1. Just to check, using Stokes-Einstein with a Kirkwood Rh over alpha carbon pairs, what's the diffusion coefficient of segment 1-60 at 20 °C and 1.002 mPa s in µm²/s?
2. Could you state the angle between the C-alpha long axis of helix 281-293 and the longest principal axis of the C-alpha atoms of the chain, as a value from 0 to 90 degrees rounded to the nearest 10?
3. Could you put 159, 247 in order, starting from the residue whose Cβ has the fewest other Cβ atoms within 10 Å?
4. Quick one: of the DSSP bridges fully inside the chain, what percent are antiparallel, nearest 5?
5. For segment 71-180, compute Rh as the Kirkwood radius over C-alpha pairs and then the Stokes-Einstein diffusion coefficient at 37 °C and 0.692 mPa s; write the answer in µm²/s, rounded to an integer.
6. Could you line up 37, 203 from fewest to most neighbouring Cβ atoms inside 10 Å?
7. Sorted by mean Cβ packing within 10 Å, highest first, what order do the peptides 123-129, 300-306 take?
8. Report the semi-axes of the equivalent ellipsoid for segment 127-275 in whole Å, largest first, where each axis is √(5λ) for an eigenvalue λ of the Cα gyration tensor.
Ligand SMILES: NC(=O)c1ccc[n+]([C@@H]2O[C@H](COP(=O)([O-])OP(=O)(O)OC[C@H]3O[C@@H](n4cnc5c(N)ncnc54)[C@H](OP(=O)(O)O)[C@@H]3O)[C@@H](O)[C@H]2O)c1
């Protein structure tokens, strides 16, 4: 038997996630493998905003918190996954996991990493990178010299969206919740940045793009979206990626009705889930790795050390604690 540490969701979140919502338990995991099975040990875990959203259906009280990890195979009776292999595994907040045939569907191949850090497979070369890549290029379809707005711009998805938009020759406007994050976005090449906590949003958007935005990559939702839609150009394109500002709300969102702006400006607004592009991830990961090697895209991670700190790293997402991709390392 191997002892696995497992973070359990004690009860369904109410409002903001709190440390008391989680419990660390120990579980016995069999190392008496049957044919086809293998045992993995986590090296890195991803923490992501979707882990707070009840809409995903992934949260079950008294169950393990959901999520993706990067793990090493430590015992195997599966020739496709020999000992020493590294895999991406959607098995939740746990240290050790027995992968049976049933769980094989949660095991993903690694992208071609070259000599890049492995943990990037949970960020820029993984789910958030692909969200930025396909969300911007397929949904917004930005063209050279167009103006692109991205909020949550210093987060795991946003900072890649802005850099890809620059590669495509766009003017990029980004906003984030601290001056330090805004300064870093300027260093990455964003044309206009502002700290959304310090400005009147409508005035800041007008100042950054007096003629309005062609594309809007929306990570935040809620009131931000309603305001930003007023600043779209005719025939603008909006990728509804996420709405982190409302994930902890107990009531349905109140506030301004945004559909007037959608209609009057004939906007193309499309919500998307990165999983719809799953069959093309290898293509996106290859391009992203090339851009990194060519120095066209910079990457950044906020790494928290220690599995025991999973809850605080996760809660930090909602306090703006991370810059770039939030990762927990063993
Ligand atoms: N559609 C898809 O397939 C897909 C895939 C991945 C992610 N998403 C969504 O994309 C968005 C970004 O996700 P991510 O993984 O890249 O995470 P992330 O941006 O790294 O998320 C954390 C950041 O969000 C900002 N934030 C937190 N609460 C906020 C609030 N109330 N108002 C404004 N900003 C707030 C904070 O930055 P500041 O300091 O700037 O406030 C924080 O650092 C999320 O909404 C997520 O659910 C969707």
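Here, each number is a calculation from the coordinates, and none is a lab measurement. In this text the structure is predicted, and so the values were computed from the model without any measurement. No Cβ is skipped: glycine too gets one built from the backbone with ideal geometry, and neighbour counts run over all protein chains shown.
1. 152
2. Relative to the chain, helix 281-293 is tipped by roughly 70 degrees.
3. Fewest-to-most ranking of 159, 247: 247, 159.
4. 55
5. 202
6. Listing 37, 203 from fewest to most nearby Cβ atoms yields 203, 37.
7. Working: 123-129: 26.9, 300-306: 16.0.
Order by mean packing, descending: 123-129, 300-306.
8. Values: eigenvalues 78, 61, 55 Å².
That gives 20, 17, 17 Å for the three semi-axes.
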